[in-house]
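Below is one structure, written out as C-alpha cells; the observations come after it.
Readers should treat all values here as calculations from the given coordinates under stated rules, not as data from a laboratory. Source: prediction; values computed, not measured. Every residue, glycine as well, gets a Cβ built from its backbone with ideal geometry; the counts of neighbours run over all protein chains shown.
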Amino acid sequence: MTVKKRLICGLALAFALSPAVSRAQSRLPTCGPDVLGVSRELAVGGAPQIGLKTYPRTLALEDHEVVLTFDDGPAPTTRKVLDALAAQCAKATFFLIGRNAEAMPELVRREIAEGHTVGSHSWSHPSKSLRAQNLAAAIEEIEHGDRAVQAASGGKASHFLRFPGFGDSPALLEAVAKRDMPVFATDLWASDWNPMTPERELNLVMARLRKAGRGIVLLHDIHKQTADMIPALLRTLHAEGFRLVHFVPGAKAPETRAAPAGWSSETEAFYSKKLGDGAQPARPAPSTN
Ligand SMILES: [Zn+2]
C-alpha cells in the first residue's frame, strides 16, 4: 500500500469513527493492501474542458491511472455501486441529474459522506440536447442542475459539470467558463446505455482500458448491469495493476495532456451526423505535439 493510500484510508477510518458519523460511513472498511484504494487525488480548478471523446486534451494521467465517473444518478442502483466502492476503499466522481438529486438527497449525502466527488449533469437531462436549445434555457438547465445538486449535498458538491449527451456548444462553453465550472467529457466509456450482461460489460470496458492504457471512464450508476459489474471491475483493475485517481475540486487549472495526432471529436461527429446540418466541428484544431 502506498503512503498516500494509507493516509486516505486512515483519514476515512478516523472520520468514520467520529461521533458525527452516519450509519453509511460506518460501513467504510479498514483498507488494506488487498483492495484497490486510491492512488492519488488530482485537484481540478479553473475552467478546463477535458476528455478525449469530445476535446483535444485530457488530464495528465500516468500510464495505468484510471478515474471512475458515474452519470445520471442518483438512483436506487447507486446504493450497490457505493457499497462496492466502499468495500475497495475506492473513490469516484458522480455527475448527478438535478431532479434526481432533489428526489433522493439521502444518496447525495451518502456520496459526499463517503468521500466521493459530486458534480452536476443538468437539471433534467433533456432529450433535446442543450446545444439545440435556446441559449438562455440551456444555461438555466445547467444552473438549475447545479443549484439542485448543491442543495441536496448541503453545499458540499463541486461545480464540476458534464454536459448531458456531451451536447455543448461554443456559447455554452463560454458561459460555463465564466462560472468557473470545469467541464468533463470522458476518455472512454462502457457503452452501458446498451443492454448487456455485467460480464460482457466488464470485458468491454477492460478491453478499452487496456488499449488506452489510462483514462477517465464513464459509467452509469442508474443501470443494474453496471451496478452488478462494479465489484468485478474494481477487483480486475487492482489485479491488473491499474491505479485509481480521484478528482477533487482545486484552485488551479490542472496539467493536461494533448490528444494524439489525428485526433477528432467522436461526440462532435455524432452530433454533426445526428443533426444532419453539416455543421463544422466547433473545436480548436488538436495539438499534434
Ligand atoms: Zn447522462
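A few remarks follow.
- Taking only Cα atoms of region 91-135, radius of gyration then Dmax in Å: 12.5, 38
- A cut-off under 10 angstrom between Cβ atoms defines the neighbours of THR93, and their net charge, with Lys, Arg +1 and Asp, Glu -1, is 0.
- Out of every Cα-Cα pair that region 76-186 contains, those further apart than 19 angstrom amount to 42 percent.
- 10 °C / 1.306 mPa s Stokes-Einstein diffusion coefficient of region 35-249, Kirkwood radius on C-alpha pairs, µm²/s: 94 µm²/s
- Karplus (6.51, -1.76, 1.60) ³J(HN,Hα), θ = phi - 60°, over region 186-198, in Hz, Gly and Pro reported as x: 8, 8, 7, 9, 9, 6, 7, 6, 8, x, 6, 6, x
- Coupling constants for region 32-38 follow from the phi torsions by the Karplus curve (6.51 cos²θ - 1.76 cosθ + 1.60, θ = phi - 60°), and in residue order they are x, x, 8, 10, 5, x, 10 Hz; glycine and proline get x.
- The smallest convex shape that holds all Cα atoms of region 23-115, its convex hull, gives 127 Å³ per residue.
- Backbone amide hydrogens, once placed in the peptide plane, bring GLY167 within less than 5 Å of LEU130, excluding anything fewer than 5 places away on its chain.
- All other residues whose Cβ lies under 10 angstrom from that of PHE247 are scored, Lys and Arg at +1 and Asp and Glu at -1, for a net of 0.
- Set LYS80/LYS178; LYS211/LYS273; LYS80/LYS252; LYS53/LYS252 screened for pairs whose C-alpha atoms are more than 25 Å apart: LYS80/LYS178; LYS211/LYS273; LYS80/LYS252
- Neighbourhood net charge (12 Å Cβ-Cβ; Lys/Arg +1, Asp/Glu -1) for TRP193: -4
- Ordering of 139-146, 51-58 by packing [mean C-beta count within 10 Å, highest first]: 51-58, 139-146
- The GluC sites (Glu not before Pro) found in region 178-253 that occupy coil by DSSP, while having at most 14 further C-beta atoms within 10 Å, are GLU240.
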